[in-house]
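Read the structure below first, then the notes.
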Amino acid sequence: MRKLQYLLMTLSVLCLAVPAFAQSGGGVVDLAPIGVGLGLALAAGLCGLGQGKATASAVEALARNPGARPGIFIFLMLGLAFIESLTLFTLVIIYLKIK
């Protein structure tokens, strides 16, 4: 974990050092695409974790009480749709903000 932390810190320094050591006078570096990529990755990753946790909880509930399948299935599908919509809303908001 420590090596990954050092790697990411080094990459961030190299990414931000380019405009600082540039030879031209007033070049502006657009870092918005990097922010979009990080935002989408964060949203997608955390929504994926939420979907995995919701599915695991639903499977555990079905294992304990198989007779409650219809109710659990409805709420599972509704919850997964809400979680997935968060990723899509993040995608739309980030692309609206970047333009």
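The values are calculated or read from the model by the stated rules, or taken from the named source; none is laboratory data. Predicted model, so just to flag it, every value in this text is computed and none were measured. So basically every Cβ, Gly included, is an ideal-geometry build from the backbone, and we count neighbours across all protein chains shown. Side chains included, ligands, DNA and RNA excluded: accessible areas come from the protein's heavy atoms. Shrake-Rupley method; radii C 1.70, N 1.55, O 1.52, S 1.80 Å.
Per-atom-type breakdown for the stretch 24-99 gives carbon and sulfur 75% of the accessible area (1.4 Å probe, protein chains only). Counting only the Cα atoms, the chain fills a convex hull of 77 Å³ per residue. Computed on protein heavy atoms with a 1.4 Å probe, the accessible areas place Lys99, Lys53, Lys3 in the order Lys99, Lys3, Lys53, largest first. Between the helical axis of 69-98 and the dominant principal axis of the chain, each derived from Cα atoms, what acute angle in degrees is found, rounded to the nearest 10? Once rounded, the angle reads 20 degrees. Rounded to the nearest 10 degrees, the inclination of helix 2-20 to the longest alpha-carbon principal axis of the chain is 40 degrees. As a rough guide to protection, the peptides 4-10, 69-75 ranked by mean Cβ packing within 10 Å, highest first, stand as 69-75, 4-10.
Per DSSP helix of 4 or more residues, -39500 (n - 2.57); summed, then divided by the residues of the chain. What does that give at 222 nm, rounded to the nearest 500? All intermediate terms of the calculation are to be shown ahead of the outcome.
Values: 3 runs with 82 residues, N = 99.
Helix-only estimate at 222 nm: -29500 deg cm²/dmol.
If you plug the beta carbon distance of Leu16 and Leu49 into 1/(1 + (r/R0)^6) with R0 = 41 Å, you get a FRET efficiency near 0.90. Enter the angle in degrees (range 0 to 90, nearest 10) between the Cα long axis of helix 32-64 and the first principal axis of the Cα atoms of the chain, meaning the one along which they spread out most. For helix 32-64, the angle is close to 20 degrees.
Only alpha carbons enter this Debye calculation for the stretch 32-85, each as an equal point scatterer, and the log10 of I(q)/I(0) it gives at q = 0.13, 0.25, 0.28 Å⁻¹ is -0.41, -0.91, -1.02.
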